[in-house]
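The values are calculated or read from the model by the stated rules, or taken from the named source; none is laboratory data. Note that the structure is a prediction, hence the values are computed from the model and not measured. Virtual Cβ from ideal backbone geometry, glycine too; neighbours counted across all protein chains shown. Side chains are part of the model used for accessible areas, which takes the heavy atoms of the whole protein and leaves out ligands, DNA and RNA. Shrake-Rupley method; radii C 1.70, N 1.55, O 1.52, S 1.80 Å.
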Amino acid sequence: MIAELAAAIARSDPVVLATVVRTRWSVPRRASSKMLIFADGRTLGTVGGGELEYRVTVAANEALSDGRPRMIEYSLVDPAAGDPGVCGGVTEIYLEPYMPTPTLFVVGAGHVGRAVGELATWLGLRTVMWDDRGDILEEAPDVIASAVTGPITEALAAEQLGPNDSIVVVTRNVVVDLEILPALLATPVRYFGLLGSKRRWSTTRAGLIAAGVSAELLERVHAPVGIEIHAETPEEIAVSILAEVIGDRRAP
């Protein structure tokens, strides 16, 4: 079981480890019984079978959605009252999700983008940097996972960003933003931040709406990106941006 869990983590496959941590009276499995629940619906091991195990699987899928562990308790006494069994006991099960390392997709490899990429990697994020200028990517920090150029749609297709990931856009001008933002906004990332003044975002937003992007979709954008710390240098701006990314990830 532990070997399979380690292999899933190595493959970056989301998985939940369900462990029976406490039981009272008659239950189908005793404490320390374990089961793995994978995102694709596969399971390994058992914590009791039947309706009990079905409910554990449902709760595990919720844990995979929000990345948060949880303790669940089931009384196995009266199915007519909603209990998942008639064994006569109570079981407590701890669900521990193991999620892939979150990716921060940094769009723009200028001074701020490079500072964001380096700090994000130090903070434990998998950092990917994109820029339409291949030559400037030669200055990308060595510590990031990868630096890519070419059409933004191809870069996004290769990355397959998900709800555990974030995007920070730190490009050089509005023209670039208007070209690439529709594709970026179509991704299901949990956090989306864009560098620039309020006036620049107002101009960009108006251009995107004119191009057919819905106002509702634009509501997800944090602009200007970062928390206010009166940052000036690229490194200080990176601290401001990553502080907001972390705050979003840790929010209940």
For segment 173-212, name all the residues that are touching a residue at least 12 places away in the same chain (Cβ under 8 Å), part of a loop (DSSP other than H, G, I, E, B) and under 22 Å from HIS111 (Cβ atoms). LEU195, GLY196, SER197
Find the strands (runs of 3 or more DSSP E) located wholly in segment 20-106 whose residues include 2 or more that are open to solvent by 50 Å² or more (accessible area, probe 1.4 Å), and list them. 43-45, 70-76, 89-98
When segment 157-193 is checked residue by residue, the ones that are open to solvent by less than 10 Å² (accessible area, probe 1.4 Å) and farther than 25 Å from LEU123 by Cα are ASP177, ILE180, LEU181
Residue that is farthest from the chain's Cα centre (by Cα) [pool: residues in segment 194-216 that are closer than 27 Å to GLY67 by Cβ and open to solvent by less than 60 Å² (accessible area, probe 1.4 Å)]: LEU195
Checked segment 137-172 for anything among the hydrophobic types (A, V, I, L, M, F, W, C) and assigned to a helix (DSSP H, G or I); matches are LEU137, ILE152, ALA155, LEU156, ALA157, ALA158
Can you tell me which residues in segment 107-139 are open to solvent by less than 20 Å² (accessible area, probe 1.4 Å) and either in contact with a Cys (Cβ under 7 Å, 6 or more places away or on another chain) or aromatic (Phe, Trp, Tyr) (or both)? TRP130
